[in-house]
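Worksheet: one structure, shown below.
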Amino acid sequence: MSDTQIRDTLQRLHTVLQSQPQLDPELKSLLQTLDQDIQTALEHKRSETATAPESTDLAEQAQALATRFAAEHPNIDLALRELRSLLLGVGL
């Protein structure tokens, strides 16, 4: 799995989110936080000058959000599950 696949999946997730104007603001905020955490972890991984924060498990965060979106927003759920698999593949 590559960082590019993760970034592509994040971009697709953003596109899906933009098509969901009725999205709960709390969930939208949680997704934005996850996105920022992933971007930070990818930067740390790329620079290898520092380690990514270990206090958060990004794959678990993605899974938890996917579970919350499953019933009402299946497209978001699907993208989050794919993102989780990619994160696990690169060790994030």
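Bear in mind that the values in this text are calculations on the coordinates, not laboratory data. In this text the structure is predicted, and so the values were computed from the model without any measurement. Using ideal geometry, Cβ is built from the backbone for each residue, glycine included, and neighbour counts are taken over all protein chains shown.
Note on Kirkwood radius over Cα pairs in Å: of the candidates (1) 13.3; (2) 15.1; (3) 14.1, the value calculated from this structure sits at (1). Calculated FRET efficiency, residue 26 to residue 85, Cβ-Cβ distance, R0 = 25 Å: about 0.50 to the nearest 0.05. Rounded to the nearest 20, the size of the Cβ-charge dipole of the chain about its Cα centre is 200 debye, with Lys and Arg at +1 and Asp and Glu at -1. In a fully extended conformation the segment linking residue 33 and residue 18 would gain 3.8 nm over its present Cα-Cα distance, using 0.36 nm per residue.
Were the residues from residue 45 through residue 3 laid out at 0.36 nm apart, the gain over their Cα-Cα distance would be 14.2 nm.
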